[in-house]
Amino acid sequence: MTAPIKHTAQSWAERAGTTSFNEASARTRLELLLDAGSFVEFIGPEQREVSPHLRIFDLPEQFDDGIVVGRGRLNGSTVFVAAQEGRFMGGAFGEVHGAKLIGLLRAARQIKSIPVLILFDTGGVRLQEANAGELAIAEIMRAVMEARTAGVKVIGLIGGRSGCYGGGGLIAGCCSALAVSEPGRIAVSGPEVIETNRGVEEFDSRDRALVWRTMGGKHRRLLGAADVFTDDTVEGFRDAALELLGLIEPFGLDRLKAEQVRLADRLRSFGACADAVDIWAAEGVAHAEMVPELPADQFIALANNIGRTSRDAR
Amino acid sequence: MLMSMNADARNRMVTTWQHQRDARDARIEAGSRLAHGKIVEARDATRLMEAVIRPGDRVCLEGDNQKQADLLSGALLAADTAKVHDLHMVQSGVVLPEHLDLFDHGVAKRLDYAYSGPQSARIARMLFGGKIELGAVHTYLELFARYFIDLTPHVALIAAVSADREGNLYTGPNTEDTPTVVEATAFKDGVVIAQVNEIVDKVPRVDIPADRVHFVVKSEKPFFVEPLFTRDPAAITEGQILTAMLAIKGIYAPYGVRRLNHGIGFSTAAIELLLPTYGEKLGLKGKVATHFALNPHPALIPAIESGWVQQIHSFGSEVGMDDYIRARSDIYFTGPDGSLRSNRAFCQTAGLYACDMFIGSTLQIDLQGNSSTVTASRIAGFGGAPNMGADARGRRHPSEPWLKAGLEADPESPPPLRRGRKLVVQIGETFGDKNVPLFVEKLDAIELADKLNLELAPIMIYGDDVTHIVTEEGVANLLLCRNADEREQAIRGVAGYTCVGRGRDRNAVEQLRQRGVIRRPEDLGINPLDADRSMLAARSIKDLVRWSGGLYAPPSKFRNW
Amino acid sequence: MEDLSFQHKARSRAGGSKQTAIIGVVASGNLEVLVERVLPGVECRLEIKTAATGFGEVWDAVVADFVERHSPGGLKFSINDGGARPDTVSLRLAQAVRLIEENGQ
Amino acid sequence: MTLDEILASLFPGGHAVKNDSGIVFGSATLRSGGRALVIGIANKTAVGVDEAIRLSGYVLDSLAREAGPILVLVDSDSQRMSKRDELLGLNEFLAHLAKTLIFADMNGRPTIGILYGHSAAGALLATGLATRVLVGVPGATPAVMDLPSMAKVTKLSMEALQEKAKSTPVFAPGLSNLARMGAVHVTWNEAVPLADQLDALLISMPDAHDRRDILGKERGGRRKAAEIAERVRDLALHSH
């Protein structure tokens, strides 16, 4: 918060500790998430593998099509990484964008021992190539499950400005575990879409407090949809990823059965709640209405106390 | 004979010189039939309007910069136009759609106002279409002044937080224009009608005494207030940060500006957020930016918390800042109840006479330095900027920045006879939204004046009042320009890649730079690549909440948690 | 979309030894600059795809000043522009040069 | 075709498949003799948390007790766009349904989606696109994004979008476009009994490998996806 003046000599570790994950670009997130200098990109921007479809709409392309994929090291161990750039076309999935992640997941499946970190930052399907984007998401979901079945740990990190919406939310639901920060949002339908379909009385998309307590990181953590909550720094996400890598167990039918129980239980317990605050209160949170105001450390303590996680049941 | 004539004349005077008082009493009598004491039910508000207001009346509908008497504007709009028509609206802010609907429906006909931000496009269309008979567009102080000379309201429709049963009003932190409007109306035989959020046994403090208030209407919902002065730090760009660094190092520091007013743009928000970081590094704490005429900008919280700011007087309040202000009464003006007391008229006066600098952004600047926020299709009015951004010719007290600026402008005069100068700084990026250039050969305001047959083009700040222009290209000090050509080249010299900028005489600009009239980032020891968002003391609204110790409660539309 | 291309001779070759660098993103009012050390001698080339058409003269002026100020000999700049303002363009170009002149491969 | 027509044509020997206010569930005997689990969404029902959890429950129950293919019949709306569904974590429920189908397919229960009506967005991802083979029935009207919404966001006219849609299958709604992308493996012929076509499909069922990107390339709808994925995979395999 009290951002010091940036010194050119500021170390990598200092930058990771002070750089907002939410604000950083996809490339900066990777640079500071992975061990210093360890990132190697696959099909980098100099290959100019841009979307073949945007020109139909007279729209500008980006050399990496809005996703950076490659490998690096996390505390010395190799990981595969994919980071979406939420500012380019809202981080949405198009043909090339999606295919890069699919290729990465397929390699991980073959190798089995290298985990995959997905830094989500997406509004979902890219409208201008909707069919290709939708299908890419379906293929990614399949590839995630095949990789997990082969023993790969697939971890989603969610704290970008575009959140994790649409098909991105479904992919997140397929991951072994998720880490989320307060600004991170996970949902299928966006706020404006709900407002358009249901009316402003049901959902006022400009009421951002409502948007965040319905879809935001704190709610997802308290629901057990995300396993770890972190402060909004790249270092926080790095630590969260390391923690999750140590916790994840292999995937199998028992996980799916447990997830069925977990979700059915959620419906039974909270299905009649009108608002997130009601859910938190029902979970036993005292002063539930104050949850959005809690600083990260206090919230983490509270969430750990509630103790809802999903990594054994997803 | 003479004696008796005089006595006769005196008798006539007694009966004919209180016409207005009689008329007011008749209006109050008509309205009282709908009231219990002074209290009128909300459902009777329109009937109250019809009872009290006469065709052709001058009506002040509050209509401020921030708070809106929205229940009363709705009630007036619903009035039977057979009873209420052809009103002359005198109000500082034309803000709600209803304010213009009044003209569409024939309730109102003539308009004198100051500011129309949210309605700027529609008001332009209605003026072109002849729907509104325009008196003039004013500055705030100017319109307030005319309330006491030739635009005194017959009826004032005002907004307050609460009233007691006698009609004492508590206006809350957003007092704004109310005391001025009530003063002009109540003491010149007008009728004052207040909408209040609640009726209480005892108001927290008396902002308007009961004997100036004739009717009180309780509203179902609180009056509308727009958070106009909240700038999300997340939206501040590197370019704005660079420009802010140039302003701090190139103007605040050398002049030692302690008493000042900031505009509402992102560039000045960037300055506010750089004071505790960049300003601290430059060793400026306590030496600049200590006293403000300023609304409670959330972006100033880090500077306040870091001990930069000593005192702030405010035109209005800002949504979400109430608790913070209450807890920081050393800084703000607060009442015995603890909440902010704002007052637009006094704060405008303070900005005009007691501040050494105004710094704010604008939409267009021409080659003479005239600036305007009017575009071909939008008339936003003036608000207060022209009062802030003008040299006060009536000022007589010296101060270091004022004298230094005076010396730069006029080195020849003998010091005891030399006027000081207020620093009037225009700050902005050379291109605005959608690549629209800040610098133009001819202001759109001139074209607009042609189209509307106005005698004056709506100039926000006249070129001869502007002392500095700051862009990402550097600082132009117009005080040091000795003729119109130099002035033009100084402006072109910081106009970047706009047509105006590309049309500069490179040699002339280089000479101005040698003389320090233009100072580039490198002349000030600033590397543009250092302009980074990590320099901001707060990078998000959430950071501001943290700085405030949880006292700042931002409105929902600014949250991402 | 409009394609623009500029060719200059810089005063000297750019420093450093990195082969490529990239900065910025393609978004409204923003741009990405990919810089590659692929040209001989003091040659410098900029290839621009921009969403804002009709600003060729402005680009010409921005690029000329940039080459004058930063002397990026040997560098090729490929730009995808989402309609950035000239000051943002200048900033990104300068950032790109700084990045490729940093130490590293 | 209606759900009843589809079921009758698929299972001329009768079936025990019910439509409970849009939730399709039951089983039927295949002509080859084996049993198939049949689930699905009918009547253009939106897929929300309540629908998804029921469908995934049927699949999981069946995994424990039965064998044979799983047919997923699809005539849905989009995902249910409501505050309640998002509040409760719709993304997890839809993902969970997709995961159970994918898991079943990978574990000896080949999945076949039969898209005979509408579907869109998250609903399609959780059902038809989570199967090994997606079959299109003529008259189906899938729409990842509807053109009016697209027109709004892209600020292009409907006419302009329709014109562009002629030159590319990449964005416009429709079964044939999804087929060209590789999403729909085969489109059945209404004039031929579906039971015959199902038999043929079961006999020639591809293995559980996801080949939709290659299909999309062969059909000219997605020229890049397969190649890019393959290149990234190779780089990843050879770089560690």
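What are the residues in segment A:11-63 that are of a type in the set (G, A, S) and either within 14 Å of chain D (Cβ to nearest Cβ) or in contact with a Cys (Cβ under 6 Å, 6 or more places away or on another chain) (or both), if any?
Scanning segment A:11-63 gives A:S38, A:G44, A:S51.
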Looking at this structure, is A:T8 modelled with pLDDT under 95 and either under 20 Å from the mean Cα position of the chain (by Cα) or more than 14 Å from chain D (Cβ to nearest Cβ) (or both)?
-> yes
Looking across segment D:148-163 at residues that are closer than 30 Å to D:I114 by Cβ and facing chain A (nearest Cβ under 10 Å), the single one that is surrounded by the most Cβ atoms within 10 Å (Cβ to Cβ) is D:M150
Search result, residues across segment D:124-157 that are part of a loop (DSSP other than H, G, I, E, B) and among the β-branched types (V, I, T) = D:T127, D:T131, D:V137, D:V144
Conditions (1) over 24 Å from A:M141 (Cα atoms); (2) within 9 Å of chain D (Cβ to nearest Cβ); (3) of a type in the set (A, V, I, L, M); number of the one not met by A:I186 = (1)
Within segment D:1-54, which residues are without any contact (Cβ under 8 Å) to a residue 12 or more places away in the chain and either of a type in the set (S, T, N, Q) or farther than 30 Å from A:S189 by Cα (or both)?
-> D:T2, D:D4, D:E5, D:A8, D:G33
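One line per residue, one yes/no per condition, for (1) in contact (Cβ under 8 Å) with a residue 40 or more places away in the chain; (2) in a loop (DSSP other than H, G, I, E, B):
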| site | (1), (2) |
| --- | --- |
| D:E92 | no, no |
| D:G122 | yes, no |
| D:E159 | no, no |
| D:N177 | yes, no |
| D:A183 | yes, yes |
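Give segment A:192-202 a look and list any residue that's surrounded by fewer than 24 Cβ atoms within 10 Å (Cβ to Cβ) and either facing chain D (nearest Cβ under 8 Å) or in a helix (DSSP H, G or I) (or both), or say none.
A:E192, A:V193, A:E195, A:T196, A:N197, A:R198, A:E202
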Residue that is nearest to A:I155 (Cα to Cα) [pool: residues in segment A:64-80 that are under 18 Å from the mean Cα position of the chain (by Cα) and within 11 Å of chain C (Cβ to nearest Cβ)] | A:V68
Search result, residues across segment B:102-130 that are touching a strand residue (DSSP E or B) at 6+ places or on another chain (Cβ under 9 Å), outside any helix (DSSP H, G or I) and surrounded by fewer than 21 Cβ atoms within 10 Å (Cβ to Cβ) | B:K109, B:R110
Qualifying positions in segment A:99-141 - on the phi > 0 side of the Ramachandran plot and small (G, A, S) = A:G124
Would a scan of segment B:187-208 turn up a residue that is free of Cβ contacts under 8 Å to residues at least 40 places away in the same chain, outside any strand (DSSP E or B) and within 18 Å of the chain's Cα centre (by Cα)?
-> no
Within segment A:112-132, how many residues are facing chain D (nearest Cβ under 7 Å) and outside any strand (DSSP E or B)?
-> 7
Looking only at segment D:3-25, which residues are under 27 Å from D:R80 (Cβ atoms) and out of contact with any strand residue (DSSP E or B) (no Cβ under 9 Å at 6 or more places or on another chain)?
-> D:E5, D:D20
Does any residue of segment D:103-114 turn out to be surrounded by fewer than 21 Cβ atoms within 10 Å (Cβ to Cβ), more than 13 Å from the chain's Cα centre (by Cα), facing chain A (nearest Cβ under 10 Å) and assigned to a loop (DSSP other than H, G, I, E, B)?
-> yes
Among the residues of segment D:55-72, which ones are buried (at least 24 other Cβ atoms within 10 Å of the Cβ) and either among the hydroxyl-bearing types (S, T, Y) or free of Cβ contacts under 8 Å to residues at least 40 places away in the same chain (or both)?
-> D:S56
What helices (runs of 4 or more DSSP H), lying completely within segment B:468-561, carry at least 2 residues that are touching a helix residue (DSSP H, G or I) at 6+ places or on another chain (Cβ under 7 Å) and more than 13 Å from chain C (Cβ to nearest Cβ)?
-> B:484-493, B:506-514, B:541-547
Test for A:G151: is it more than 7 Å from chain D (Cβ to nearest Cβ), surrounded by fewer than 24 Cβ atoms within 10 Å (Cβ to Cβ) and among the small types (G, A, S) | yes
Looking across segment D:76-88 at residues that are more than 22 Å from the chain's Cα centre (by Cα) and not in a helix (DSSP H, G or I), the single one that is farthest from A:R266 (Cα to Cα) is D:S82
How many residues, within segment B:56-85, are buried (at least 21 other Cβ atoms within 10 Å of the Cβ) and either on the phi > 0 side of the Ramachandran plot or among the hydroxyl-bearing types (S, T, Y) (or both)?
-> 2
Residue that is surrounded by the fewest Cβ atoms within 10 Å (Cβ to Cβ) [pool: residues in segment D:73-102 that are within 21 Å of A:A143 (Cβ to Cβ) and among the charged types (D, E, K, R)] = D:K99
All positions within segment D:188-222 that are assigned to a loop (DSSP other than H, G, I, E, B), within 14 Å of another protein chain (Cβ to nearest Cβ) and either exposed (fewer than 13 other Cβ atoms within 10 Å of the Cβ) or out of contact with any helix residue (DSSP H, G or I) (no Cβ under 7 Å at 6 or more places or on another chain) (or both) | D:P206, D:D207, D:H209, D:R211, D:G220
How do the strands (runs of 3 or more DSSP E) wholly within segment C:1-77 filter down when requiring 1 or more residues that are more than 10 Å from every other protein chain (Cβ to nearest Cβ) and either in contact with an Asp or Glu (Cβ under 7 Å, 6 or more places away or on another chain) or within 16 Å of C:L99 (Cβ to Cβ) (or both): which remain?
-> C:2-9, C:31-37, C:43-50
Which one of the conditions (1) modelled with pLDDT under 95; (2) outside the structural domain of B:G279 (by TED's automatic domain parsing) does B:G239 fail to meet, given that it meets all the rest?
-> (2)
When both residues are 6+ apart or on different chains and their Cβ atoms are under 7 Å apart, which pairs have a first residue that lies in segment B:19-33 and is under 13 Å from B:G190 (Cβ atoms), and a second that is at pLDDT 95 or above and assigned to a helix (DSSP H, G or I)?
-> B:R27/B:V52; B:G31/B:L48; B:G31/B:A51; B:G31/B:V52
Here are some conditions: (1) free of Cβ contacts under 8 Å to residues at least 60 places away in the same chain; (2) assigned to a strand (DSSP E or B); (3) away from chain D (no Cβ under 13 Å). A:A179 meets all but one. Which one does it not meet?
-> (1)
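The values are calculated or read from the model by the stated rules, or taken from the named source; none is laboratory data. Keep in mind that this is a model prediction, so the values were computed, not measured. In this analysis, Cβ positions are derived from the backbone assuming ideal geometry, glycine residues included, and neighbour counts consider all displayed protein chains.
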